[in-house]
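These notes concern the structure reproduced below.
Rule-based calculations on the coordinates, nothing more; no lab input. Fair warning: this is a prediction, and the values are worked out from it, not measured in the lab. Here the Cβ positions follow ideal geometry from the backbone for every residue, glycine too, while neighbour counts run over all protein chains shown.
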Amino acid sequence: MADEGGTATEYAVVPVAEAETPTESKVDLEGSQQQTAEELVAKAIVPVKKEFLRPPPIRPCDRKDEDLERKSNSSSSNVLKEKKSKRQLKRERKQEQKSPLNLCPEVAKTGDVSSCRYNNKCRFSHDLEAFKAQKPDDLEGDCPFLSSEGPCPFGLACRFSGTHKDSFAGGISNPVRRSSEVNGLNKDFQKLLWKNKMKFPKADAQLKLLGLLGPAKSELKKLENKEEGNQALSNGCHATGENGCREAASPSVYDTVDASGNNEHVEGTSVADEIEDDSLVNNEGGPLKKAKSLNEECSSFTEVNNGGNHFGQDPGHISAQIEEASSTDNFAVRTDIYVNSHQRERKLIDFRGKLYLAPLTTVGNLPFRRLCKVLGADVTCGEMAMCTNLLQGQASEWALVRRHSAEDLFGVQICGSYPDTVARTVELIQQECAVDFIDINMGCPIDIVVNRGAGSFLLTKPTRMKGIIQAASGTVDTPITVKVRTAYFEGRNRVDSIVADIGDWGASAVTIHGRSRQQRYSKLADWDYIYQCARRAPKTLQVLGNGDIFSYLDWNKHQSDCPELTSCMIARGALIKPWLFTEIKEQRHWDISSGERLDILKNYAKFGLEHWGSDSKGVETTRHFLLEWLSYTCRYVPVGLLDVIPQCLNWRPPSYFGRNDLETLMASDSAADWIKISEMLLGKVPAGFTFAPKHKSNAYDRAENG
Ligand SMILES: Cc1cc2nc3c(=O)[nH]c(=O)nc-3n(C[C@H](O)[C@H](O)[C@H](O)COP(=O)(O)O)c2cc1C
């Protein structure tokens with residue numbers, strides 16, 4: 001989901017130890033100093049050597065900060081109340097674009113005011129002199145594009161332009177930068193989606209074959225209703241899907257910046273396109289209402305009827321039928337055929353023993369994944385993208401499927417409620433993108449997702465799960481994987497009972513996060529249950545475990561305790577210490593120095609500037625995501641400071657001094673200190689800058705337990 005604002009915080013909930021839960025974010029000195037390492041561990045407090053402990057820093061402005069936060073929250077709710085009209089927003093956006101600071105990208109690239117073919121129709125400023133007069137000083141360091149082919153795409157707007165070697169005299173004839181990123185959104189393709197003119201021959205044929213289109217639906221709906229009755233779901237599980245309504249488009253909740261690097265200048269959206277598309281774009285850059293008819297047009301799809309199975313049906317024959325069906329709009333394909341969709345020729349994917357960086361909304365952005373690749377991750381996956389938003393051609397959502405060339409085993413993750421939306425989405429992805437696998441998120445605990453009948457809600461609807469997996473895997477030959485939690489409700493684990501089916505329905509792999517939706521992040525992941533599921537899975541289905549891995553010992557334990565596991569996925573462990581991948585590969589606890597950690601942050605900043613841009617907007621977007629990430633990194637306690645090695649993911653750090661000032665700064669859970677770190681990498685923050693992390697990873701006392 002494109003940076004989902006408030007909702008993403010639910011993903012960030014920090015594990016609360018089963019033992020005891022201190023209410024302060026940093027455990028106080030006295031508490032820690034008077035207790036033995038064993039006692040601290042029992043209380044899930046990091047046993048830091050006594051000589052490094054210190055009282056929690058007094059922050060005189062803490063109260064003020066809270067007041068400010070409260071005020072800003074209330075003023076933001078005021079803003080919400082006085083919601084600006086779209087016209088007003090559009091006017092403001094235009095004014096902002098015309099400000100001298102928003103120099104036309106063409107003019108910036110070439111240094112030549114006549115280079116923009118839109119002249120005075122261009123949205124951006126052409127006033128070079130005014131731009132130069134207002135441009136802040138260059139930042140320290142080299143332009144991130146110095147080593148890439150071709151000149152810096154930001155030209156004069158680059159905040160490191162002093163280090164450019166190119167002269168603008170005479171302009172640059174063909175300033176095309178060969179990007180190492182793929183899966184950019186094609187404008188013509190986007191327009192088809194906006195106009196609701198996209199065809200989905202493969203998905204629709206497959207849905208028809210499965211009986212998920214046409215008159216069979218109402219019969220099948222009855223089946224699902226029956227299943228609902230059997231589920232006896234209690235309150236709190238009331239997705240719109242229960243009434244058969246199709247999922248509505250998720251709001252793209254980019255509040256401050258475009259989370260996914262949707263920087264039009266970087267991603268090659270030409271000014272021409274923007275001008276042409278004006279008639280189609282609303283103020284948020286999204287499609288006009290027209291596209292919504294996608295939702296209106298399709299009625300709700302229900303599940304496939306299992307009856308009338310024709311085992312032994314030649315899969316080649318079925319594929320041929322699908323192809324045949326695809327070739328005509330007016331096809332009449334038998335719906336009584338058992339479509340053993342996984343028998344379609346499927347590309348192979350092998351996760352065995354590979355270090356898999358989990359999909360991570362907001363923080364698992366492309367620069368972060370690139371960094372993890374450098375540090376040893378084998379598999380990377382994009383942030384969760386909502387099917388409906390992709391089907392509507394929302395640029396911010398499509399930005400989530402972008403891939404860097406370093407991501408050599410890469411998947412995208414999608415989330416949808418119904419077989420039709422998911423099948424159509426996978427068809428689009430296969431057609432438009434280079435991906436090695438497509439993961440369907442059936443474990444997302446976020447309320448707005450669950451209330452739409454997607455994510456972990458599907459765990460209460462195995463028949464619909466089946467429909468989704470069969471429809472997706474029968475539509476494309478790209479491997480389909482699914483990610484689940486152990487259950488929706490605590491104490492009602494159910495994955496073990498469907499794990500074999502998941503393979504039969506056509507999935508190549510399943511990742512099991514060892515917690516229920518209700519649990520969110522409370523309690524430790526239930527690895528015994530994950531093992532049980534892995535043992536029940538057919539050999540053809542790869543099973544990956546997920547939850548709380550924070551050291552190479554955790555990794556080794558799961559591999560040796562359960563050889564049936566194909567591999568494991570790592571999420572928060574990678575956020576807090578991305579060198580965890582190196583530790584696993586090199587089988588050691590790395591007592592990393594603060595200097596080495598700073599180098600990692602520098603690398604991230606460079607990757608961020610390359611992705612989001614080296615102009616002022618790109619610098620601030622990079623800073624924003626760096627700060628989001630720093631709200632996790634501060635939870636790392638250096639190995640050399642520990643009384644008990646290794647640190648566990650669910651332990652809370654006390655307040656401590658590092659071995660030098662930088663290490664102390666890096667341990668701080670104060671946003672003001674994270675800003676200081678960002679200034680070491682990206683220069684001073686602009687006047688009036690504020691930051692509040694989306695993922696309040698240090699808010700132990702605010703952990704939501706669902
Ligand atoms: C900040 C954050 C964002 C996440 N975003 C996603 C996501 O987009 N898709 C998903 O399937 N899981 C997401 N998760 C869940 C993780 O992938 C993982 O399943 C979970 O954190 C448990 O693994 P861990 O104990 O290693 O953190 C997110 C978790 C966090 C902390």
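Remarks
- With a Förster radius of 60 Å applied to the beta-carbon distance between LYS199 and GLN34, the computed FRET efficiency rounds to 0.30.
- Among the chymotrypsin sites (Phe, Trp or Tyr not before Pro) in the stretch 628-684, those placed in a DSSP loop whose Cβ has at most 16 other Cβ atoms within 10 Å are PHE657.
- In the distance distribution for the stretch 411-463, Cα-Cα pairs more than 13 Å apart total 58 percent.
- Taking all C-alpha pairs of the stretch 343-429, those more than 16 Å from each other amount to 56 percent.
- With the simple spin-label model, which puts each label point 7 Å out from Cα in the Cβ direction, the LYS50 to THR690 separation comes to 4.3 nm.
- Cleavage-rule hits (trypsin sites (Lys or Arg not before Pro)) in the stretch 618-685: DSSP loop, at most 12 neighbouring Cβ within 10 angstrom: LYS684
- Note on the stretch 82-145: percent of Cα-Cα distances in each 5 Å bin, starting at 0 and stopping at the bin with the largest distance, equals 3, 17, 20, 19, 16, 11, 8, 4, 1.
- Loop-resident trypsin sites (Lys or Arg not before Pro) (DSSP state other than H, G, I, E or B) in the stretch 474-582 with no more than 10 further Cβ atoms inside 10 Å of their Cβ: LYS539.
- q = 0.16, 0.28 Å⁻¹, the stretch 595-642: log10 I(q)/I(0) [Debye, one scatterer per Cα]: -0.49, -1.03
- For the pair ASN660 and LYS132, label points projected 7 Å from Cα toward Cβ lie 4.1 nm apart.
- Between ASN186 and ARG93, the contour length at 0.36 nm per residue exceeds the alpha carbon distance by 31.1 nm.
- Distance between the pseudo-spin-label points of LYS121 and GLU586 (7 Å out from Cα toward the beta carbon): 5.8 nm.
- Taking each of LYS617/LYS694; LYS50/LYS606; LYS49/LYS676; LYS373/LYS694; LYS577/LYS606 in turn, the alpha-carbon distance tops 28 angstrom for LYS50/LYS606.
- Mean shadow area of the stretch 356-588, taken as a quarter of the surface of its Cα convex hull (nm²): 11.2
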